[in-house]
Structures are given as structure tokens and as C-alpha cells.
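Trainee: Below is one structure. I have some questions about it.
Bear in mind these aren't lab numbers, they're just calculated from the coordinates by the rules spelled out. All of these numbers come straight from a predicted model, not from anything done at the bench. Note that each Cβ is placed from the backbone with ideal geometry, even for glycine, and that neighbours are counted across all protein chains shown.
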Amino acid sequence: MRSISILGATGSVGASTLDLIRRNRDSWRVMALTANCNVDELAALAREFAAEIAVVADETCLPALRDALSGTDIECAGGAQALCDAASLGADMTVAAIVGCAGLAPVMTAIEQGGTIALANKEALVSAGDVMTAAVSRTGAKLLPVDSEHNAIFQCLQGSRISDVRRITLTASGGPFRTWTQSQLEAATPSQAVAHPNWDMGAKISVDSATMMNKGLEFIEAHHLFPVGLDRIGIVVHPQSVIHSMVEYRDGSTLAQLGPSDMRVPIASCLAYPQRMYTPMEPLDLVAIGSLTFEAPDEVRFPATRLAREAAQMGGAAPAVLNAANEAAVAAFLSGKIAFTRIALTVERTLERDLPPAPASLDEVLAIDREARVRASELLELA
Ligand code: NDP
């Protein structure tokens, strides 16, 4: 039996992870489950999985959590430090599934324990980049990529040398607005943006998929996880989301990983690694799917991949600024304050301002993140 902590247990990735654990109760002991403030769901999960500790990041929600778990011996805690304490319990596996840079400090804490981290929280790696990869090297922690594209690449790299890679190709569904005109994009609403054609995900990543910033963040994520050089990482739009990504080797072989658009597949690959486990998926029916198509990304209607590539090329603080500005703009869009097309524009304008020096520590990354959110918010109010 292995121990597991799930940071962001009440979210979409958290639910998919717990679904797999529910089917394999004898294999896992649940240590910490965390949420921001979704007390009812967190308490129900903590009871069901007999968690040792339940944590809300928002400390004002702690009294409600205590009420909801009264009569149990499940420990309750709240606040940013409690979140990091939960990540430091030494679980065999920590699933990092908090959305946004809010998950960075707990992920870094888990890395400091030197355990295995199944990383879904791409914003943490995009923001902290070299700071995080240096911590991974120093502590011997193992990062297993949950993101379906990176999990696909990770699988395609097994048994091969990264020095033999000619090119990594990230596939992108293109999101719900792939075929929309510029004027349709101007009028896109939050409910249209979160209605992804292939994947069922949290609101923020769904909007990122619609703007293609999700692929931009993944480009930077891939650059850190698989250091082949930025010019060897490409993006291709593949609307069926059957091929999750590809690795081409110098002998001309291209390896791809295919599967259903269900996060339980890459999560299972992390939970069982280096073995395999059962998931309740229908076998892949290529005849029913019929055809797999590919097209180049349109960086005029969807500038986010260009912005992410430029931020990656700039390096230093730029990816953290890109991510923070995007988080601020997506939140403004989701609350109805700005138009869809203002998201990428806000990111671009924030990146155009003087950038702070490259961060050398977690605290410096968090300071850059805070400052970039202020800059982005100023820009959002200006227009
Ligand atoms: P959700 O919005 O569904 O869930 C987010 C989780 O994080 C919830 O548990 C939420 O708690 C918690 N949370 C939110 N804000 C904070 C905060 N400030 N501090 C601490 N915890 C917080 O997100 P997803 O599951 O969709 O995504 C999670 C991460 O995984 C993201 O980084 C995303 O990019 C990545 N990812 C997601 C995929 C997917 O299919 N969903 C696919 C690949 C990657 P509460 O419920 O209380 O709000």
C-alpha cells in the first residue's frame, strides 16, 4: 500500500485521481486532501477516503470544515502554511492539482521532501521554471507529468535517449473557438469558452484552451520537462484529441501516444508508473473515429502560443509574468469584466513593460507573480 496526498482534491484532476483510487482502495492510503474553500466536497471526500488531514487554503473556511468533519478523527487545517505542511507529510506520491500559481509553494514543498510528484499544476512549473527544476535535481524528487501531452511525451521517451530526439510535437485540440472568426471571438462569452469540445476540465484551463494559452503554457512546461531546446518543440492542431503528442527521433521514427480524451488515462500512467493499471476506458476504436486531421496553429486569431514562445525565449522572469498576467485576465474574463480577446492583449501589454531580473528562489518567483498581477490589473482597469 502506498500513501498519497492530493493538492486540489476537489477539482477536475482531483476528482479523476480519486475515481482511480476509489477503484483501487487496497493500494492507497490517503494522507492529505486539500481545496481552496469547497468545504462540502472536501469533507465528503475526506470522510469517504478516510484522509488523515483535510486542508482549506482559504483560512476563513476552516471553521466550516471543522463543523463538517466533527465526530471524525480527520485533522483539519487552513491557510497557506497549512497547505505547505500538508505537502510536507512525506506521502509516497503527491498529486499537484491546484489551479494556478497558488499551487507553486506547496509543489516546491513536496519537491523538497524528495518524493514523487504527479504534476498537473502547469502554472507552477511555468512560473518557477529553472528554480523548480534545480530543486528537483538537488532533492532527487521525481516529477511525473499528468498533463496529457507531457505524459504522452514522457511515455514516448521511455527507453530512448533525449539526445536522439529531433523534435517534440505537442498536439492541441484548438479549443471551442478553433473555427471562429475574429469578430465572433470578440463576442465570445465565458459559458461558450468553458464548453470544450473534447475535454471536461476546470474553468481556468478551459478558457486557456479557448485562447490557446494552454498550449503556450504547455510549450514552456515541455521545455523544462524535456530539455531538447525551444526550437525542437512544435505545436500542431489536431481537433480529434486522439494523439496526445509525439516524439520524432533522429532516425526518422516518430512515436505517438493515443488514447481517449479522459484525464484518468495519464493520471493512471503516473499512479502506476513504471507499471500499468486498469482504467474503465472503452478500447480505442480507430475505425469509428475514422480520420485524424492536423493543421497549423493560427497565431493571428490566437496569439497566445506566440506570446508564450517569446516569453520562453526571453527566459528569466518573462514566463512568470506571462502566467500571472494570464491568470489575472482569465479571472477578469470569467467574471464578465473583459472581452475574450482582451486576455491575450493584456498578457502582451504586461510583457511589454520592464521585466524584473530572473528569479533565483521561490520567494523571488512569488514576488514577480504578485507584481505582474498588479500590472495586469492596472492594464485591465485602464481600457
Ligand atoms: P479545477 O478548477 O477543477 O480545480 C482546482 C483545484 O484547486 C480545486 O481543488 C480548488 O479548490 C483548488 N484551488 C483553487 N484555487 C486555489 C487556491 N488559491 N489555493 C489552493 N487551492 C486552490 O482545476 P483543474 O482540476 O481543471 O486543473 C488543476 C490543474 O491541473 C491546473 O493547473 C490545470 O492547468 C491542470 N490540468 C488540468 C487538466 C484537466 O483536465 N482539468 C488537464 C491537464 C492539466 P476549490 O474546489 O475549493 O475551489
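Trainee: With Cβ to Cβ distances under 11 Å as the rule, what net charge do the other residues near residue 277 carry (K, R +1; D, E -1)?
Mentor: Overall, the nearby charge balance is +3.
Trainee: Still on this model: Note down the nm distance, to one decimal, between modelled labels 7 Å out along Cα→Cβ at residue 232 and at residue 195.
Mentor: Result for the modelled spin labels: 4.2 nm.
Trainee: For the chain, report the % of Cα-Cα distances exceeding 36 Å.
Mentor: Roughly 19 percent, once rounded to a whole number.
Trainee: While we're on this one: For the stretch 147-252, what does the convex hull of the Cα positions come to per residue, in cubic angstrom?
Mentor: Per-residue hull volume (Cα only) is 105 Å³.
Trainee: Charges at C-beta only: +1 for Lys and Arg, -1 for Asp and Glu. How large is the resulting dipole of the chain about its Cα centre, in Debye rounded to 20?
Mentor: Roughly 640 debye, rounded to the nearest 20.
Trainee: Determine, at each q value in 0.13, 0.25, 0.26 (inverse angstroms), the log₁₀ of I(q)/I(0) that the Debye formula gives when each Cα of the stretch 194-284 is one equal point scatterer.
Mentor: Each listed q corresponds, in turn, to -0.55, -1.45, -1.45.
Trainee: Let me ask another. For 28, 180, what ranking results if the residue with the fewest other Cβ atoms within 10 Å of its Cβ goes first?
Mentor: The order, fewest Cβ neighbours first, is 180, 28.
Trainee: Related question: Can you give me the C-alpha center-to-center distance between the stretch 262-322 and the stretch 5-33, rounded to a whole angstrom?
Mentor: Value for the Cα centre distance between the two parts: 22 Å.
Trainee: Within the chain, which cysteines find no other Cys whose Cβ is under 4.7 angstrom from their own?
Mentor: If one checks each Cβ against the other cysteines of the chain, 76, 84, 101, 156, 270 turn up with nothing under 4.7 Å.
Trainee: Excluding residues on the same chain fewer than 8 positions from residue 204, give the lysines whose Cα lies under 22 Å from its Cα.
Mentor: 122, 215, 337
Trainee: Do you know the relative contact order of the stretch 68-123, to the nearest whole percent, from alpha carbon pairs under 8 angstrom that are 6+ apart?
Mentor: The value is 37 percent.
Trainee: Right, another one. For labels at residue 1 and residue 287 in the simple 7 Å Cα→Cβ model, what's the distance in nm?
Mentor: In this crude label model, residue 1 to residue 287 measures out at 4.5 nm.
Trainee: Based on the Cβ-Cβ distance of residue 47 and residue 261, what FRET efficiency does E = 1/(1 + (r/R0)^6) give at R0 = 22 Å, to the nearest 0.05?
Mentor: With R0 = 22 Å, the Cβ-Cβ based efficiency is 0.10.
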